[in-house]
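The values are calculated or read from the model by the stated rules, or taken from the named source; none is laboratory data. Since this is a predicted model, take the numbers as computed values, not measurements. Here the Cβ positions follow ideal geometry from the backbone for every residue, glycine too, while neighbour counts run over all protein chains shown. Accessible surface areas use protein heavy atoms only, side chains included; no ligands, DNA or RNA. Shrake-Rupley method; radii C 1.70, N 1.55, O 1.52, S 1.80 Å.
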Amino acid sequence: MIDLTSANADNADPSGKPDLMDDGGKKKKLSDRQKARRMLLQALYQWQIARAPVNEILAEFLVYYQGKIDRDFFKEVFPQVVAHAAELDEQMTPWLDRELSALDPIELSLLRLGMYELAHRIDVPYKVVINEAVELAKVFGATDSHKYVNGVLDRAAKDLRALEQRGTGRI
């Protein structure tokens with residue numbers, strides 16, 4: 001299993017899992033869905049780097065993460081993001097300022113996850129999708145990757161969630 005915990009060791013707890021920090025610098029308790037998204041990022045990263053079969057990665061993560069997480073969300077979303085990766089890449093291309101191959105693997109994994117949720121999980125508000133991706137980028141990504149992820153997903157949401165944004169008066 002590829003472990004991303006060293007990506008931001010400053011925020012690691014004793015178990016080696018980086019925590020999200022609130023504005024006051026205190027550790028923030030993660031919801032089961034947030035834990036599942038963290039697992040999704042790591043599983044997508046592993047699939048992207050190692051190209052191991054989806055069912056092997058899925059089984060590995062479900063055995064490794066025995067804690068309280070949204071297992072149903074993870075089991076549904078991970079295989080779907082992988083199955084739709086080419087479509088998601090094509091969908092996000094208009095909002096990228098560089099080639100897909102130039103994206104950092106963490107950024108690409110987060111963008112695929114965010115694009116999937118924006119396009120296929122309309123039960124999750126677009127603001128939540130963007131915020132969760134940004135928070136993960138802050139923990140696992142390069143220094144300013146959260147800004148890039150935010151910009152791409154925000155522009156994508158204007159197209160993919162236009163009706164939802166109209167309801168908030170955003171457009």
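Restricting to region 113-158, what's the tally of residues that are among the acidic types (D, E), assigned to a helix (DSSP H, G or I) and over 22 Å from D32 (Cα atoms)?
Total meeting the criteria: 1.
Does N131 qualify as being without any contact (Cβ under 8 Å) to a residue 24 or more places away in the chain, open to solvent by 60 Å² or more (accessible area, probe 1.4 Å) and in contact with a helix residue (DSSP H, G or I) (Cβ under 8 Å, 6 or more places away or on another chain)?
Considered against the rule, which asks whether it is without any contact (Cβ under 8 Å) to a residue 24 or more places away in the chain, open to solvent by 60 Å² or more (accessible area, probe 1.4 Å) and in contact with a helix residue (DSSP H, G or I) (Cβ under 8 Å, 6 or more places away or on another chain), N131 comes out as no.
When residues of region 71-98 are filtered for being under 15 Å from the mean Cα position of the chain (by Cα) and surrounded by fewer than 13 Cβ atoms within 10 Å (Cβ to Cβ), how many remain?
The qualifying residues number 0.
Tell me, which residue of region 60-112 that is of a type in the set (D, E) and not in a helix (DSSP H, G or I) is farthest from W47 (Cα to Cα)?
D97
How many residues does region 101-120 contain that are in contact (Cβ under 8 Å) with a residue 60 or more places away in the chain and open to solvent by 10 Å² or more (accessible area, probe 1.4 Å)?
4
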